[in-house]
Amino acid sequence: MTRAVHHDCDVLIVGSGAGGATTAAVLAEAGHDVLIVEEGSWVEQGSTVPFSLDQMDKQYRSGGVTVALGLPSIAYTEGRCAGGGTEVNSGLYWRPPEATLELWRTKYQIRDFASSDLLDICAEVESELSVQKVPGEHTDASDILRRGADRLGWRNDEIPRWMTYPEGAGATEGQRQSMTRTYLPRAFASGARILCDHRLDKITRSGRRATGAELTHTVDGESSAVTVAFRDVIVCGGAIQTPAILQRTGLRHRVGRTLAVHPTVKLAARFDDPVNTPEDVSVFQVKQFAPNISFGGSASHPGLVALALTDNWRDFGSAVTAWPELAIYYAAITSEGRGLVQAIPGVRDPLVTYRLTKRDRDLLGQGLARLAMVMLEAGAEEVYPSFKQAPIVRDRADLATMTSMFAASKASVMTVHLCSTAPMGDDERRCATDSHGLVHGTDNVFVNDAALLPEAPGVNPQASVMAIAIRNARRYCDERAG
Ligand SMILES: Cc1cc2nc3c(=O)[nH]c(=O)nc-3n(C[C@H](O)[C@H](O)[C@H](O)COP(=O)(O)OP(=O)(O)OC[C@H]3O[C@@H](n4cnc5c(N)ncnc54)[C@H](O)[C@@H]3O)c2cc1C
């Protein structure tokens, strides 16, 4: 039997996404010997078409086919590559709302959590990621949302993105400032190392201390064992994988019990002229009914248009050949419901379930109806809502029919915003970690990713994840000299 390859480090960081990459940069720059292990591969930005099925195959977990069981089940996606979700996402940047930070501080007893400090960190992140609006022309799909909302008098705005653009360039010419272009190179410049294609299987433990990690390295389908010894381990595998890793380590207190997401329902809208830009999404969001309901644009690659039409293929299917004239939009809600993430012995991926409340299901129906209204106002010829047996909506009368036929249990609900499976705070009854991410009951196991957010923030979450991760990493450096 071949011996496992072994590595040593001061701090092992599991995952290289929004939480892991920022943590690695802060720690490495403070002099810590950092090793990052990342289950996915290093995929250069630009080597796959954004939002394509090829990208889903290369950079998403299970090719993007992952589901939280429930009534309805909720399809979710996770990035699995160097840089995690930041490599594949829409890049739409929202600071965490100040009121939300204040609520979390008091409700979960989070120490030293002044919203002004976090917003100062957001300002640093904005500069590091070149967060900005599109300097030139928007895509047609963006203009549709703005036009429809303006005609209804509904509040809408362009959301800035972490992109760099040539001077005066249009929306599709931006370069996404993901972790492989920003915080990971910063970490490497200060000596951090990364092992891609290395999946952490298990952290070994003796009482309150983690003692080592067991990993599998996979190249061209061949797997080999790897071990790592460390002083501290910081788990940043994202809100689904992090609780599964902790549970496999025997750490279960408040872990994986409070998954929070922003559920979305979709529709495809058909216009007279070509409007589809497969490699980009709308930069406008409609916030008239926020925080409960928000509208935005979804990836509209032809394969995804086909998927959006499958809810009533008999009536919608013929539209697929006109895909250049179609674009997909979503209505997202804040959800009262919660989900569970449970590691199952002997099974690679955890079992995920999510329960929408009655209020959530009603909001999804209201959201879809109002979104269809925006599309009609913007000049859509036909709207194809994503629920089983949905009618084609061509006018307000059809809209009323659609509303009466909608049931959330028939809808194709999905989410890309996953949070809150190891919430942080000193209130041990509610929280899995302390106020800075140290898992309760341990001396050296930390979490520093979306799992820490006590609730879904009601806006796109990456900035919240990064700001909290940087705050916690700095505290770690203050307490443990490099
Ligand atoms: C399609 C999509 C669109 C999105 N759009 C936006 C947007 O426009 N704006 C926004 O703010 N947010 C957006 N998000 C959400 C945002 O990307 C996430 O909130 C953010 O990436 C979460 O950071 P994280 O560090 O918690 O996890 P991730 O960024 O997902 O990183 C976790 C990493 O850990 C790795 N990992 C997991 N388990 C293991 C293991 N056992 N061993 C080794 N490595 C492991 C994973 O491969 C992954 O790379 C989007 C997400 C998706 C998927």
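Within segment 454-471, residues that are in the same structural domain as Thr100 (by TED's automatic domain parsing) and more than 10 Å from Cys419 (Cα to Cα) have Cβ atoms under 6 Å from residues that are near the ligand (Cβ under 8 Å from one of its atoms) and β-branched (Val, Ile, Thr) in no pair, counting only partners at least 6 apart in sequence or on another chain.
Tallying residues that are more than 12 Å from the ligand (Cβ to nearest atom), closer than 15 Å to Gln109 by Cα and part of a loop (DSSP other than H, G, I, E, B) within segment 438-474 yields 3.
Being surrounded by fewer than 19 Cβ atoms within 10 Å (Cβ to Cβ) and within 15 Å of the ligand (Cβ to nearest atom) is the filter here, so list the residues in segment 225-246 that pass it. If you could, list the steps in order and put the result at the bottom.
Initially, segment 225-246 is screened for residues surrounded by fewer than 19 Cβ atoms within 10 Å (Cβ to Cβ), giving 225, 227, 229, 231.
Those that are surrounded by fewer than 19 Cβ atoms within 10 Å (Cβ to Cβ) and within 15 Å of the ligand (Cβ to nearest atom): Ala225, Thr227.
Among the polar types (S, T, N, Q), more than 30 Å from Arg270 (Cβ to Cβ), in contact with a strand residue (DSSP E or B) (Cβ under 7 Å, 6 or more places away or on another chain) and within 16 Å of the ligand (Cβ to nearest atom): does that describe Thr433? Yes.
Give the residue, chosen from Gly31, Gly83, that is surrounded by fewer than 24 Cβ atoms within 10 Å (Cβ to Cβ), over 18 Å from Val341 (Cβ atoms) and modelled with pLDDT of 95 or more. Walk me through it before giving the result.
Working: Gly83 fails: surrounded by fewer than 24 Cβ atoms within 10 Å (Cβ to Cβ).
Only one candidate qualifies: Gly31.
Against the conditions (1) outside any loop (DSSP other than H, G, I, E, B); (2) under 18 Å from Asp197 (Cβ atoms); (3) touching a strand residue (DSSP E or B) at 6+ places or on another chain (Cβ under 8 Å), Glu39 satisfies every one except (1). Val459: buried (at least 23 other Cβ atoms within 10 Å of the Cβ) and within 25 Å of Ser206 (Cβ to Cβ), yes or no? So Val459 does not fit the description; no. Within segment 82-92, the residues that satisfy the criterion of being part of a loop (DSSP other than H, G, I, E, B), within 6 Å of the ligand (Cβ to nearest atom) and touching a residue at least 40 places away in the same chain (Cβ under 8 Å) are Asn89, Ser90, Gly91. Of the strands (runs of 3 or more DSSP E) lying entirely inside segment 193-265, the ones with 1 or more residues being in contact (Cβ under 8 Å) with a residue 24 or more places away in the chain and in contact with a helix residue (DSSP H, G or I) (Cβ under 9 Å, 6 or more places away or on another chain) are found at 193-195, 198-206, 232-235.
Checking each residue in segment 34-58 for being at pLDDT 95 or above and surrounded by 17 or more Cβ atoms within 10 Å (Cβ to Cβ) picks out Val34, Leu35, Ile36, Val37, Glu38, Glu39, Gly40, Val43.
Is it the case that Ala75 is within 22 Å of Ala189 (Cβ to Cβ) and either touching a strand residue (DSSP E or B) at 6+ places or on another chain (Cβ under 7 Å) or assigned to a helix (DSSP H, G or I) (or both)?
On the way: within 22 Å of Ala189 (Cβ to Cβ): no; either touching a strand residue (DSSP E or B) at 6+ places or on another chain (Cβ under 7 Å) or assigned to a helix (DSSP H, G or I) (or both): yes.
No; evaluated as a whole, the condition is false for this residue.
One residue alone among Val261, Val275, Val305 is β-branched (Val, Ile, Thr), farther than 30 Å from Asp426 by Cβ and either touching a Phe, Trp or Tyr at 6+ places or on another chain (Cβ under 9 Å) or buried (at least 24 other Cβ atoms within 10 Å of the Cβ) (or both), and that residue is Val305.
The condition of being without any contact (Cβ under 8 Å) to a residue 60 or more places away in the chain and within 13 Å of the ligand (Cβ to nearest atom) holds for only one of Gly79, Gly63, that being Gly63.
Yes or no, residue by residue, for (1) under 27 Å from Ser73 (Cβ atoms); (2) surrounded by 19 or more Cβ atoms within 10 Å (Cβ to Cβ):
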site: Leu363; (1), (2): yes, yes
site: Gln366; (1), (2): yes, no
site: Ala380; (1), (2): no, yes
site: Pro385; (1), (2): yes, yes
site: Arg396; (1), (2): no, no
site: Ser404; (1), (2): yes, no
site: Ala407; (1), (2): yes, no
site: Ala411; (1), (2): yes, yes
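Within segment 317-327, not a single residue is more than 23 Å from the chain's Cα centre (by Cα), at pLDDT 95 or above, in a loop (DSSP other than H, G, I, E, B) and of a type outside the set (A, V, I, L, M, F, W, C).
Residues that are without any contact (Cβ under 8 Å) to a residue 60 or more places away in the chain and in a loop (DSSP other than H, G, I, E, B) within segment 391-428 comprise Arg394, Asp395, Phe406, Ala407, listed in sequence order.
Scanning segment 18-40 for residues that are touching an Asp or Glu at 6+ places or on another chain (Cβ under 8 Å) and either within 9 Å of the ligand (Cβ to nearest atom) or outside the structural domain of Leu184 (by TED's automatic domain parsing) (or both) yields Ala18, Gly19, Gly20, Glu38, Glu39, Gly40. Given the criterion touching a Pro at 6+ places or on another chain (Cβ under 8 Å), modelled with pLDDT of 95 or more and within 16 Å of the ligand (Cβ to nearest atom), identify the matching residue among Met414, Met405. Result: Met414 is the single residue among Met414, Met405 that is touching a Pro at 6+ places or on another chain (Cβ under 8 Å), modelled with pLDDT of 95 or more and within 16 Å of the ligand (Cβ to nearest atom). Among the residues of segment 107-142, those that are without any contact (Cβ under 8 Å) to a residue 60 or more places away in the chain, in a loop (DSSP other than H, G, I, E, B) and surrounded by 16 or more Cβ atoms within 10 Å (Cβ to Cβ) comprise Leu129, Ser130.
On the stretch given as segment 266-300, residues that are in a loop (DSSP other than H, G, I, E, B), under 19 Å from Ala380 (Cβ atoms) and away from the ligand (no atom under 15 Å from the Cβ) total 8.
The values are calculated or read from the model by the stated rules, or taken from the named source; none is laboratory data. All of these numbers come straight from a predicted model, not from anything done at the bench. Here the Cβ is made from the backbone with ideal geometry for all residues, glycine too, and neighbour counts use every protein chain on show.
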